[in-house]
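Chemist: Below is a structure I'd like to ask you about.
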Amino acid sequence: MTKKNENAISTKAIHVGSHPDKETGATTPPIYQTSTFTQKSPGKHFGYEYTRSHNPTRTRLEECLASIENAKYALVTASGMSAIMLVMHALKKGSKIICGDDVYGGTYRLFTTVFHDTHEFIFADTTDIKKLDSLVKEHGPDLIWLESPTNPMLKITDIKKVCQIAKKAKSKVIVDNTFMSPYFQNPLDLGADIVMHSMTKYINGHSDIVGGCLMLNDKKFYDKVWTLQNSIGPSQSPFDSWLVLRGLKTLGVRMEAHQKNAMKIAQWLEKHKQVEKIYYPGLKSHPQHKIAKSQTSGHSGMITFFLKGGLKESKKFLSSVKLFSLAESLGGVESLIEHPAIMTHASVPKPIREKLGIHDNLIRLSVGIEDVDDLIADLEQAFKASR
Ligand SMILES: *Cc1c(COP(=O)(O)O)cnc(C)c1O
């Protein structure tokens, strides 16, 4: 989605924020591994005072992130969760939030165990636009919190439609865009007010840091979350910001490779006799495939499927894989596999999990960028072992 007179995302990911160092000409950005900055005279400085507030390496990363998500501002935080926390703190007491019912387990936990005393949360299936419309009319929420695709069921919400409904009610829309990365989906262009990412996943892409970010156009809200970050303190370290800036350079080629591998594996799983059902937004069989196609330029490496059998078969399958690592998280170059009911979504109460379809035979893959035939062979031997 290149705008006029603007470079494409793969170019921006390499060049924006990565200009040569002014002092030395260093082609690769320096890591400003410092907590404080020396001032010429009291209050006279180079724009940097203390790393909790600002750091030049982090600034470079923020410039790059804003540019690839088509935003004016970006704020980098120490984790995805702290980015979400800052948004919650920025809302006034008593705020109403309509939240997708199938969001990241940690988001659900933050909302229901930390902010439940100060804010009101209404959980809803955001893919049901009619129902969402009436909920918005009924509650007049301050914020609508979306994930598309959701985690782990990979449900797709029509972001444009939700934003139109929200606009009428003067509600803000925030999209957790972690699963798509800015390479495949840009929610601000679809009408959202804020985009949030766990940079731990696709943005960094190498499973070696934890980080989060917010991208937005509203200067007032940006100032608010920056002030909160400076007051509360969840700022990312210069070294971690540098690693993300480095990881970002290959975002385009990584996402293309994730998509290519995931598509092949999804098509293979769809035909496998030990698979009950599979969800991958790139497959025609996905219930919201058309919406996915209309608002994204591709599909990531996330696949969810139901194995034929129960907990016993799932456990056997999960402990038999060799190339796939049995681990939480996603979006790294290496393939990961996990069991949402026991691992990532254990913080979601069992009755709610069941209602959402997170059963004991549900398995989530984060397909990496290894050789796809090796990955398929690994899954096949695990299927055999689980029989
Ligand atoms: C991982 C994740 C988060 C939380 O981010 P952290 O970096 O782990 O704090 C939020 N949303 C989604 C969709 C995630 O996958």
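Chemist: Please arrange K201, K22, K161 by accessible surface area, largest first, computed with a 1.4 Å probe and ligands excluded.
Modeler: Largest accessible area first, the list is K22, K161, K201.
Chemist: Still on this structure: Report, ordered by chain and residue number, the lysines lying within cross-link reach of K44, taken as a straight Cα distance under 23 Å and ignoring same-chain residues fewer than 8 apart.
Modeler: K22
Chemist: Within 12 Å, Cβ to Cβ, of T51, how many net charges do the neighbouring residues add up to if Lys/Arg are +1 and Asp/Glu are -1?
Modeler: Here the charged neighbours net out to 0.
Chemist: Need one value: the accessible area of M263 in square angstrom, 1.4 angstrom probe, rounded to the nearest 10.
Modeler: Ignoring ligands and nucleic acids, M263 comes out at about 50 Å².
Chemist: Could you sort T344, T27, T127 by their accessible area in this structure, using a 1.4 Å probe and putting the largest first?
Modeler: Descending order: T27, T127, T344.
Chemist: Round to the nearest 10 and give me the degree value, 0 to 90, for the angle of helix 80-90's Cα axis relative to the longest principal axis of the chain.
Modeler: The helix 80-90 is inclined about 60 degrees to the chain.
Chemist: Using unit Cβ charges (K, R positive; D, E negative) and no other charged atoms, how large, in debye to the nearest 20, is the dipole of region 252-386 about its Cα centre?
Modeler: Computed charge dipole of region 252-386: roughly 560 debye.
Chemist: Taking the Cα centre of the chain as origin and charging only Cβ (+1 Lys, Arg; -1 Asp, Glu), how large is the dipole, in debye to the nearest 20?
Modeler: 720
Chemist: Measure nothing but the geometry: give the 0 to 90° angle between the long axis through the Cα atoms of 159-168 and the longest principal axis through the Cα atoms of the chain, rounded to 10°.
Modeler: Around 60 degrees separate the two axes.
Chemist: Roughly speaking, what is the stretch gain from K284 to D21, that is 0.36 nm per residue apart minus the C-alpha to C-alpha distance, in nm to one decimal?
Modeler: Extra length from K284 to D21 when fully extended: 89.9 nm.
Chemist: Right, another one. Excluding L154 itself, calculate the net charge of residues whose Cβ lies under 11 Å from the Cβ of L154, where each Lys or Arg counts +1 and each Asp or Glu counts -1.
Modeler: Here the count lands on 0.
Chemist: Along the positive direction of the dipole of the chain (beta-carbon charges: Lys, Arg +1; Asp, Glu -1; about the Cα centre), which of M263, V173, H206 reaches farthest?
Modeler: Farthest towards the positive pole: V173.
Chemist: At 7 Å along Cα-to-Cβ for each site, give me the label-to-label distance between E6 and E270 in nm.
Modeler: A separation of 3.3 nm, rounded to one decimal place.
Chemist: If each of S134 and K168 carries a label point 7 Å out from its Cα toward its Cβ, how far apart are those two points in nm?
Modeler: Taking the simple label geometry, S134 and K168 are separated by 1.4 nm.
Chemist: How big is the convex hull of the Cα atoms of the chain, per residue, in Å³?
Modeler: 141
Chemist: Write down the accessible area per residue of the chain in Å², having rolled a 1.4 Å probe over the full set of protein chains.
Modeler: With the other protein chains kept in place, the chain gives 43 Å² per residue.
Chemist: For the chain, set up a GNM with springs between Cα atoms under 10 Å and report which of T57, T250, T38 has the largest fluctuation.
Modeler: Highest fluctuation among the options: T38.
Chemist: Take T38 and K315, extend 7 Å from each Cα along the Cα→Cβ direction, and tell me the distance between the two endpoints in nm.
Modeler: Using points 7 Å along Cα→Cβ, the separation is 6.1 nm.
Chemist: Within the chain, what percent of beta bridges assigned by DSSP are antiparallel, to the nearest 5?
Modeler: 60
Chemist: Shifting gears a bit: Give the accessible area for E256 in Å² (nearest 10); use a 1.4 Å probe, count only protein heavy atoms, and leave out ligands, DNA and RNA.
Modeler: Only protein atoms counted, so the area is about 80 Å².
Chemist: Please compute one quarter of the surface area of the Cα convex hull for region 252-386 and express it in square nanometres.
Modeler: Directional mean of the projected Cα hull area for region 252-386 stands at 7.9 nm².
Chemist: Counting alpha carbon pairs within less than 8 Å and at least 6 residues apart, what relative contact order, in whole percent, applies to the chain?
Modeler: Contact order relative to length: 17 percent.
Chemist: Calculated from DSSP H runs of 4 or more alone, at -39500 (n - 2.57) each and per residue, what is the 222 nm mean residue ellipticity of the chain, nearest 500?
Modeler: Rounded to the nearest 500, it is -11500 deg cm²/dmol.
Chemist: If I ignore ligands, DNA and RNA and count only protein heavy atoms, how much of M343 is accessible to a 1.4 Å probe, in Å² to the nearest 10?
Modeler: Surface accessible to solvent at M343 totals approximately 50 Å².
The values are calculated or read from the model by the stated rules, or taken from the named source; none is laboratory data. Just so you know, these numbers come straight off a predicted model, no measurement behind them. Using ideal geometry, Cβ is built from the backbone for each residue, glycine included, and neighbour counts are taken over all protein chains shown. With ligands, DNA and RNA removed, areas are computed over all heavy atoms of the protein, side chains included. Shrake-Rupley method; radii C 1.70, N 1.55, O 1.52, S 1.80 Å.
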